[in-house]
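Here's the structure, in C-alpha cells; my notes come after.
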Amino acid sequence: MSLLNLQRDFRDWLVTGEDSAAAALGGGPGTLVYQNNYRTALVSSLAETFQRLVLWLGDEAFEAAAARYIDARPPSSWTLDAYGEDFTDFIATLWPDDPEVAEIALIDWTVGQVFVSPDAEPLAPEALAVADWETAVIRAVPSLLVLPIATNADAIWQALATGETPPGPEMAERGTALLVWRQGLEPVFRRAEAHERDVLAWSAAGQGFAAVCERLAASLGEEAAVTTAGTLLGRWLGERMIAAVG
Amino acid sequence: MSEHLTGFGLGMRRPHYRSYIEGTAPVDFIEVISENFMIPGGKPLDTLMKARRNYPLALHGVSLSIGSADGLRDDYLKELRRLVDMMEPAVVSDHLCWTRIDGFNSHDLLPLPYTEEALDVVCRNIDRAQEALGRRMLLENPSSYIAFPGAMTEWQFLAEMTKRTGCGLLLDVNNIHVSAVNHGFAAADYLAGIPMHAVGQIHLAGHVQGEHLLIDTHDQPVPEEVWALYRAAVALAGPVPTMIERDDNIPELEELCAELDIARGIAADERIAA
C-alpha cells in the first residue's frame, strides 16, 4: 500500500470509527488508542476554548455536543486553537430555542481570539494631538471586535466567569452589541452605548472625525452630534481602545 | 544570536510561568510547544518573550507533519519561521510522524511505515523544512501503538534519515521504552543502532500501562526502566542536553527539579565511568 493510501485509511478510521476502517490498518488495540487520542484531544481543546459554555451546559451536555461536532467537522487547521471556529454556529443548530447558549459560546470564542490578537500600544489621552480634526480618523486597537447579541449572554458569561450564580436567560433590546478588546494583555468587554457602534463602524471604514459628526448630526442634531462623538472618543481613550487618531 | 543548548531543562508549562518569567527556576534551558506561540500577539507571546530573556529556548513542534505524503504546508512553515526569527531558539524540533493528510489534521502523532517510500517522503519534507527555517532541525523518535510492515526498523530509518538530510535527532528515551514494550523489540538494539553523534537533545517522561499497551501520557514521574535506559543512552552519546516533559498532572516545580537532579546524577556518573 502506498503511503498516501495508508494515511487516507488512517484518516478514515479516525473520522468514522468504523470497524472496516480499523481493519484496513490491521486492527488490534493500537487502533483504539489512536481513536481515543484523537477524540480526547478535540474534546479537551473545545472545553478549554468554551469554558463558560461548559459551565452553562454542564459536562455531559457539552461533551455530547462536542462529540456531534467532531463527527460533523473533522479538524483541518494545524492549530487546535482554531478547531472551535465553527462551534458557535453548530451550537446554534443544537439549541435553536435557547439563543443565549450560542451567544455564550460566541463570547467564549471571541474573548479567546482577542486574547491572542496583534499587539498595539493604545493612545494615551494626554498624547492626543490632532492637527486637523476635519480629516483625522479614529483608529481602534486591532483587537477590537463588535458582537451583536440578542440575549443577556454577556451577564450570564460574566457571572459564570467569576463563579457567581448566573441570571436566567432573557432577550436583550434590539440593536444590543458588545465591544470586545484587549486592555494590555487582558481581554475585556462591555455593551456598546447608543450610537457607539455606528461611530466605530464609520471610523473603521476610514471616515474622518468631521464626517462622522456630520452623519451623527442627521439623527442627533449638530451640537449633540459633536458632543456625543467627543464623549465617546474620551471614553475610548480612557479605556485604551484607541491606537491612533490622525 | 541563538545560544547553544547545554545542561538540563524542563518543558515550560503554565503553572510554573512565574518562575520562568522571574528567572528563578533552576534549569539550564526551557522548551515550549511551538504551536502554542504561533499566534499574532498577546499574553502567551509576552510570557515567552520574558522567559526567553532568562533561558535558552528549544521550540518543539507537534504539527509540522514531516511524514505527510502530500508534503508540508506553506502557511505552517511561514508561521514557524516567524516564531523562530522572533525567539532565536537554540533548537527547533518536531516528531518523526505524520499528523495531516488532504487537509485533515488529526492533532495526534501518527505512526509511519518504515519503508523506502516513506523515507523518501520524510527526507524530502525535512529538506524543505530546513530550507524554509534556514537551520538544521531535530526530529524526535515517536512512541507508537501500531507497527506497519516495513523494510527497516525505526532506528535504521532514523539513521538513514539523518545521513540523507543532515538533520539531528531528539532522542526520547521514554518513547523508545514504550514502543519497545508495545512492539516487542529490545531497547538496547535500538540504542545501538542510533547514530549518537546526531543526537542533539534527550527527552525523558513517564507513561502508564493501558489495558493492552503502554501509553505515552507524560503525566507521571520518569519511571525506573526509563532512567535505566537513559543511563545506557548517555553512556553511548556522552553529554547531551536533557529535559523532562510533563504535560498533565503537573506537580510543583520543585518536584520536577528534583527529578531533573536524578538526570544530572546519572549523566555525571556516566561521565566518570567514561
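Just the residues that are outside any strand (DSSP E or B) and within 14 Å of chain B (Cβ to nearest Cβ), please, taken from region A:180-204.
The answer is A:Gly184, A:Leu185.
Among B:Thr153, B:Thr217, which is under 30 Å from B:Pro26 (Cβ atoms) and surrounded by fewer than 19 Cβ atoms within 10 Å (Cβ to Cβ)? Explain how you work it out, then say what you get.
Details: B:Thr153 fails: under 30 Å from B:Pro26 (Cβ atoms).
B:Thr217 is the lone residue from the list that is under 30 Å from B:Pro26 (Cβ atoms) and surrounded by fewer than 19 Cβ atoms within 10 Å (Cβ to Cβ).
Checking A:Val130 against (1) over 14 Å from the mean Cα position of the chain (by Cα); (2) within 14 Å of chain B (Cβ to nearest Cβ), which test does it fail?
In the conditions (1) over 14 Å from the mean Cα position of the chain (by Cα); (2) within 14 Å of chain B (Cβ to nearest Cβ), A:Val130 misses (2) alone.
Here are the criteria: (1) closer than 27 Å to B:Asp248 by Cα; (2) without any contact (Cβ under 8 Å) to a residue 12 or more places away in the chain; (3) touching a helix residue (DSSP H, G or I) at 6+ places or on another chain (Cβ under 8 Å); (4) more than 8 Å from chain B (Cβ to nearest Cβ). Tell me which single one A:Thr79 does not satisfy.
Evaluating A:Thr79 over (1) closer than 27 Å to B:Asp248 by Cα; (2) without any contact (Cβ under 8 Å) to a residue 12 or more places away in the chain; (3) touching a helix residue (DSSP H, G or I) at 6+ places or on another chain (Cβ under 8 Å); (4) more than 8 Å from chain B (Cβ to nearest Cβ) leaves (4) as the failure.
Would you mind finding the one in B:His197, B:His212 that is of a type outside the set (Phe, Trp, Tyr), loosely packed, with under 15 Cβ neighbours inside 10 Å and within 18 Å of B:Leu5 (Cα to Cα)?
Working: B:His212 fails: within 18 Å of B:Leu5 (Cα to Cα).
Among B:His197, B:His212, only B:His197 is of a type outside the set (Phe, Trp, Tyr), loosely packed, with under 15 Cβ neighbours inside 10 Å and within 18 Å of B:Leu5 (Cα to Cα).
Specify which of the listed residues (A:Arg139, A:Arg174, A:Arg190) is among the basic types (Lys, Arg) and open to solvent by less than 40 Å² (accessible area, probe 1.4 Å).
Numbers: A:Arg139 fails: open to solvent by less than 40 Å² (accessible area, probe 1.4 Å); A:Arg174 fails: open to solvent by less than 40 Å² (accessible area, probe 1.4 Å).
Matching residue, one of A:Arg139, A:Arg174, A:Arg190: A:Arg190.
Run down B:Ala51, B:Ala25 and say which single residue is of a type in the set (A, V, I, L, M, F, W, C) and in a helix (DSSP H, G or I).
Working: B:Ala25 fails: in a helix (DSSP H, G or I).
Just a single option satisfies the conditions, and that option is B:Ala51.
Search region B:137-153 for residues being free of Cβ contacts under 8 Å to residues at least 60 places away in the same chain and within 14 Å of another protein chain (Cβ to nearest Cβ), and hand back the single one that is farthest from B:Ala90 (Cα to Cα). Talk me through it step by step, then tell me what you get.
Residues of region B:137-153 free of Cβ contacts under 8 Å to residues at least 60 places away in the same chain: B:137, B:141-142, B:144, B:146-153.
If we keep only those that are within 14 Å of another protein chain (Cβ to nearest Cβ) too, we end up with B:142, B:144, B:146-151.
Values: B:Pro142: 22, B:Ser144: 28, B:Ile146: 33, B:Ala147: 33, B:Phe148: 34, B:Pro149: 36, B:Gly150: 34, B:Ala151: 34 Å.
Filtering first and then ranking leaves B:Pro149.
Counting only residues that are of a type in the set (Asp, Glu) and under 12 Å from A:Ala243 (Cβ atoms), which one in region A:100-136 is surrounded by the fewest Cβ atoms within 10 Å (Cβ to Cβ)?
Quick first cut of region A:100-136, residues of a type in the set (Asp, Glu) only: A:100, A:103, A:108, A:119, A:121, A:126, A:132, A:134.
Next cut, under 12 Å from A:Ala243 (Cβ atoms) only: A:119, A:121.
Values: A:Asp119: 16, A:Glu121: 10.
Per the criteria, the residue is A:Glu121.
What do you reckon, is A:Val199 under 23 Å from A:Val141 (Cα atoms), touching a Pro at 6+ places or on another chain (Cβ under 7 Å), in contact (Cβ under 8 Å) with a residue 12 or more places away in the chain and among the aliphatic types (A, V, I, L, M)?
Judged against the criteria, A:Val199 is not a match.
Go through (1) more than 16 Å from the chain's Cα centre (by Cα); (2) without any contact (Cβ under 8 Å) to a residue 60 or more places away in the chain and name the single condition B:Phe157 misses.
(2)
Residues are listed down the side, and each one gets a yes or a no for (1) more than 22 Å from B:Phe104 (Cβ to Cβ); (2) within 9 Å of chain B (Cβ to nearest Cβ):
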{"position": "A:Asp19", "(1), (2)": "no, no"}
{"position": "A:Ala23", "(1), (2)": "no, no"}
{"position": "A:Gly30", "(1), (2)": "no, yes"}
{"position": "A:Val33", "(1), (2)": "no, yes"}
{"position": "A:Glu85", "(1), (2)": "no, no"}
{"position": "A:Val101", "(1), (2)": "yes, no"}
{"position": "A:Gly112", "(1), (2)": "yes, no"}
{"position": "A:Val116", "(1), (2)": "yes, yes"}
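What do you reckon, is B:Leu96 more than 8 Å from chain A (Cβ to nearest Cβ) and not small (Gly, Ala, Ser)? Spell out how you get there, then give the answer.
On the way: more than 8 Å from chain A (Cβ to nearest Cβ): yes; not small (Gly, Ala, Ser): yes.
For B:Leu96, the condition - more than 8 Å from chain A (Cβ to nearest Cβ) and not small (Gly, Ala, Ser) - is met.
Looking at (1) touching a residue at least 40 places away in the same chain (Cβ under 8 Å); (2) closer than 24 Å to B:Glu211 by Cβ, can you tell me which one A:Arg39 breaks?
Result: A:Arg39 fails condition (1) only.
Please specify each residue of region B:91-125 satisfying the condition of being closer than 18 Å to B:His60 by Cα, in contact (Cβ under 8 Å) with a residue 40 or more places away in the chain and open to solvent by 20 Å² or more (accessible area, probe 1.4 Å).
Across region B:91-125, the qualifying residues are B:His107, B:Leu109.
Go through region A:1-16 and count every residue that is more than 7 Å from chain B (Cβ to nearest Cβ) and open to solvent by less than 30 Å² (accessible area, probe 1.4 Å).
Final tally of qualifying residues: 1.
For region B:203-248, which residues satisfy the criterion of being at pLDDT 95 or above, among the β-branched types (Val, Ile, Thr) and part of a loop (DSSP other than H, G, I, E, B)?
If the condition is that a residue be at pLDDT 95 or above, among the β-branched types (Val, Ile, Thr) and part of a loop (DSSP other than H, G, I, E, B), then B:Val222, B:Val240 are the ones that fit.
Looking at region B:212-229, which of its residues are over 17 Å from A:Thr40 (Cα atoms) and within 12 Å of chain A (Cβ to nearest Cβ)?
So in region B:212-229, the residues over 17 Å from A:Thr40 (Cα atoms) come out as B:212-214, B:220-229.
Correct list: B:His212, B:Leu213, B:Leu214.
Looking at the structure I just gave you, is B:Gly134 on the phi > 0 side of the Ramachandran plot and within 14 Å of chain A (Cβ to nearest Cβ)?
Numbers: on the phi > 0 side of the Ramachandran plot: yes; within 14 Å of chain A (Cβ to nearest Cβ): no.
Against the criterion (on the phi > 0 side of the Ramachandran plot and within 14 Å of chain A (Cβ to nearest Cβ)), B:Gly134 does not qualify.
Within region B:13-36, how many residues are open to solvent by less than 10 Å² (accessible area, probe 1.4 Å) and in contact (Cβ under 8 Å) with a residue 40 or more places away in the chain?
Count: 4.
I'd like to verify a number: residues in region B:233-274 that are open to solvent by 20 Å² or more (accessible area, probe 1.4 Å) and in contact with a helix residue (DSSP H, G or I) (Cβ under 6 Å, 6 or more places away or on another chain), how many?
Selection size over region B:233-274: 5.
With the requirement that a residue be of a type outside the set (A, V, I, L, M), in contact (Cβ under 8 Å) with a residue 12 or more places away in the chain and out of contact with any Asp or Glu (no Cβ under 9 Å at 6 or more places or on another chain), what does region B:194-215 give you? It would help to see each step written out before you state the result.
Pass one, region B:194-215, residues of a type outside the set (A, V, I, L, M): B:195, B:197, B:200-201, B:203, B:206-207, B:209-212.
If we keep only those that are in contact (Cβ under 8 Å) with a residue 12 or more places away in the chain too, we end up with B:195, B:200-201, B:203, B:206-207.
Within region B:194-215, B:Pro195, B:Gly200 qualify.
Collect the residues in region A:62-79 that are open to solvent by 50 Å² or more (accessible area, probe 1.4 Å) and part of a helix (DSSP H, G or I), keeping them in residue-number order.
So in region A:62-79, the residues open to solvent by 50 Å² or more (accessible area, probe 1.4 Å) come out as A:63-64, A:68, A:71-74, A:76.
Hits for region A:62-79 are A:Glu63, A:Ala64, A:Arg68, A:Asp71, A:Ala72.
The values are calculated or read from the model by the stated rules, or taken from the named source; none is laboratory data. Values in this document were obtained by computation on a predicted structure and should not be read as measured data. Neighbour counts run over all protein chains shown; Cβ positions are idealised from the backbone, glycine included. Keep in mind that these areas ignore ligands, DNA and RNA; they rest on the heavy atoms of the full protein, side chains included. Shrake-Rupley method; radii C 1.70, N 1.55, O 1.52, S 1.80 Å.
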